[in-house]
Amino acid sequence: MLPKNPFNSLYSEMIDTNQTFLSLFDESHILKRNDEEEPFITEEMFSKTVFFSSALGGGKSSTFHFFLPGVLETIVQSKEEYLDYYALLEQLDVIVGGENRLLSVYISLARNYEVIDDIYENGKRTQAFFALLNVRVLKEALKSILVFNRANNEALSLISFVEIPEELTGVFHREWTGKDYYEWACREENLICEELNNLGDLKAIHFIHNYLSVVQLFEANNIKYDGKAFADKVLFMFDDIHRLTQHQKKVLRESLFVVRARVGVWLAQRTYGLEDAEVLGLDGTYGRDYLTRRFEDYYQRASKAEKSFQKIADRRAKAAQDITVASFQSCIAEDIDWEQDKESRTKLEKAYAVLDQFLNLYLLPDEIALLKSQSSTLIDLTITLRTAKIFIDRKLNRQQFTLDTVFLAPSREELIKSLDDKSLRAIAFYYLCIENDLPFYFGMQKLCSLAFNNVYQFLSFAGAVFERRLSYRYRAKKSSAVVVSASEQDNIIRGVAKKKWEELSLIFTNAEGVQSLLKNIASIGMVTRDVGAASYSGGTYTGIGIKEDLFRELIRENSEIRTTLSQCISNNLLRKQDIKQGSKDENVVVFYLNRWICAFFKLPIAYGGWKSCSKELFTHICSDSDKEFIEYYSNYSGGESE
């Protein structure tokens, strides 16, 4: 059952029906293909090992959920309702001849496997790990076969296997049916758990292997249901592998390249630390044996996120039980209503008067008249004046470093050119809003940007805004409003960002160090913002960068900085991006603030410039308290900018 606010259904694994899942999530973006870019999901991935990674809420579990047998069967049975999905799955040869031909098996590794390494050492910990994992994989695979064939547990006896892999013949018997396998797996799982609880020596366990051997049993041509083959492809999906110990992840990766079963194996883990996820077994070759997929990279490269988030928002808004809406976007204002929002109108008029007074100090009357003639509304006119102020501020800043004593005003050509520069006018609007406490964080595009390519984060902000729309129906004094205003959106978004900031103290044991690092990056952005010269993309810095060789040197020397940065990346507070800079194509490591942190500190949420740091400056950013850093940075004059 859906909550009153469907945006509160955050986790796909908590949704009770396949229809509800398909109505709330959008997976079409990962399936679509064109000639310009590599698709996120390709046909070859159903026969390879694929490592998926993303931050929390990036879409790993919902992608796996989409390929579950029950979801695929729902799409097949309701073809007209899910026609877009149906067509895309046909292209992947998942649906063939009007039938689902993919048997998929979902296994969560968030089931206390890590405690095994606390109990045993050396070879025994590997044996205990694979003993437990193998029997659980066997159980889940048998249950998936039943779901695939729309059957219940009584039909287990209809499952059979053509051959038993040689290394499994000492345990399994050819005459066994699915019922025998399932009962054996249940008994064996109980034995293993008893051994673990009693810190036993594993002698009671019958199934001892050092790799994931049971998947060989489930090759597509080896499985029969009621005497017939039913699947062309078999896919095992292992979620939450970040919950395993380093040793368990290593032996699991290695085992996949040892077994080389003719099945697909997908593994999903949360992005963790400064290094890319370790995905390579000793004998694995990228492309031949395994592939990698990172959700955030795909969203950013393919610009898929905004369209996907809009679809998700529309589906959830339409699913609301107590109101009827055409779309999510129809519930939110895309502009400030200057006639209705009297407070914002008053602030805008004051801003206009201040800017007009400022420009009269530096421009001739006919130049000001020229500027004013280009705009017909008060907001456009004020943005035009703020754009002109940016030009003047730039010249004033440059003049500080020259011997000129007479101010050289912008030429008419420069002023006219500024009016056509959309990016500069966008920065002028940002400055105008922040300087005059006008609403800035509102509208669909900004909500999508705030998501930072993360589904969970999008839902947290869009859900809070939609909650306000729902509240109009339940107020004691009924509201006639059907749209959440720009001012309300701005207040809600800043409120959600403030709550997220406060929650950091509950998430981290070293919350003070994490928050100081984020504050220090934001403070650099606020300094450049307050200069108001728009010298950087987006109007101010929203990140920091350092040459890769200096960065590697720093984190080798300072484990505390390494730990803090790793925590920020794994919790999606910072995004690490490797770029090349300058004519020599030097490698630079850039760390961008999560966009909700930008909203909290009133920074732009479009990607802005980044501060190029020396090793010394980077160390101070990562190590100083916010008060110490402000004092240090006020006297700092080095570094470059991008």
Worksheet entry | Top positive-direction residue, dipole computed over the chain with Cβ charges, set V496, Q77, N153 | V496
Worksheet item: In Å, what Rg and Dmax follow from the Cα atoms of segment 173-254?
Response: 15.7, 44
Fill in: Which of V135, L419, Y633, positive extreme of dipole for the chain (C-beta unit charges)
L419
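What does the highest-first list of 491-499, 139-147 look like by mean Cβ count within 10 Å? Before the final figure, lay out each step's value.
Numbers: 491-499: 17.6, 139-147: 20.7.
Peptide ranking by packing, descending: 139-147, 491-499.
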Discussion item. Could you tell me the extents of segment 47-108's C-alpha atoms along the three principal axes, largest first, rounded to whole Å?
Written reply: 34, 24, 19
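Report, to the nearest whole %, how much of the accessible area of the chain belongs to carbon and sulfur atoms, 1.4 Å probe, protein only. Could the numbers behind the result be given before it?
Values: 13980 of 29310 Å².
Ligands and nucleic acids excluded, carbon and sulfur reach 48 percent.
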Item to complete: With N denoting the number of residues in segment 151-203, provide Rg(C-alpha) divided by 2.2 N^0.38 Å, to two decimal places.
Response: 1.38
Worksheet item: Taking a temperature of 25 °C and a viscosity of 0.890 mPa s, what whole-number D in µm²/s does Stokes-Einstein yield for segment 528-642 with Rh from Kirkwood over alpha carbon pairs?
Response: 166
Worksheet, complete the sentence: Whole-number value, in Å³ per residue, for the convex hull of the alpha carbons of segment 117-231 is 100
Discussion item. Using the Cα centre of segment 126-243 as the reference point, and only Cβ charges (+1 on K/R, -1 on D/E), how large is the resulting charge dipole? Debye, rounded to the nearest 20.
Written reply: 280
Worksheet entry | Distance from segment 161-210 to segment 520-545 (C-alpha centre basis), Å | 60
Worksheet entry | Options T387, V234, L252, ranked by Cα towards positive dipole end of the chain, top entry (Cβ charges) | T387
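Gain in length, S411 to D289, computed as 0.36 nm per residue apart minus the alpha-carbon separation, to one decimal in nm?
Numbers: separation 122, 0.36 × 122 = 43.92 nm, distance 6.19 nm.
Answer, rounded to one decimal: 37.7 nm.
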Item to complete: Write down the Kirkwood hydrodynamic radius of segment 540-604, to one decimal in angstroms, obtained as one divided by the mean of 1/r over all alpha carbon pairs.
Response: 12.8
Worksheet entry | Cβ charges +1 (Lys, Arg) and -1 (Asp, Glu), total dipole of segment 323-468, debye | 280
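Where does each of 575-585, 545-555 land if you order them by average Cβ count within 10 Å, highest first? Mind showing how you got there, number by number?
Working: 575-585: 12.5, 545-555: 17.9.
Final packing ranking: 545-555, 575-585.
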Worksheet item: What lysines could a cross-link reach from K179, if we take a straight Cα to Cα line under 25 Å and drop same-chain neighbours fewer than 8 places away?
Response: K139, K143, K224, K228, K233
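About the Cα centre of the chain, what is the dipole size in debye to 20, counting +1 per Lys and Arg Cβ and -1 per Asp and Glu Cβ, all else neutral? Each step should come with its number before you reach the end.
Details: 78 positive and 91 negative charges, 251 e Å.
With only Lys, Arg, Asp and Glu charged at Cβ, the dipole is about 1200 debye.
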Practice prompt. Find the percent of Cα-Cα distances in segment 446-571 that exceed 20 Å, and round it to a whole number.
Written response: 62
Discussion item. Helix-only mean residue ellipticity at 222 nm, the chain, DSSP H runs n ≥ 4 weighted -39,500 (n - 2.57), per residue, nearest 500. What is it?
Written reply: -15000 deg cm²/dmol
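So, for the chain, what is the accessible surface per residue at a probe of 1.4 Å, expressed in square angstrom?
Details: 29310 Å² over 642 residues.
I get 46 Å² per residue for this part.
If the viscosity is 0.692 mPa s and the temperature 37 °C, what Stokes-Einstein diffusion coefficient in µm²/s follows for the chain when Rh is the Kirkwood radius over Cα pairs? Before the final figure, lay out each step's value.
On the way: Rh = 28.0 Å.
Using the Kirkwood radius from Cα pairs, D works out to 117 µm²/s.
The values are calculated or read from the model by the stated rules, or taken from the named source; none is laboratory data. As the structure is a prediction and not an experimental result, all values here were calculated from the model. No Cβ is skipped: glycine too gets one built from the backbone with ideal geometry, and neighbour counts run over all protein chains shown. Heavy atoms of the whole protein, side chains included, go into the accessibility calculation; ligands, DNA and RNA do not. Shrake-Rupley method; radii C 1.70, N 1.55, O 1.52, S 1.80 Å.
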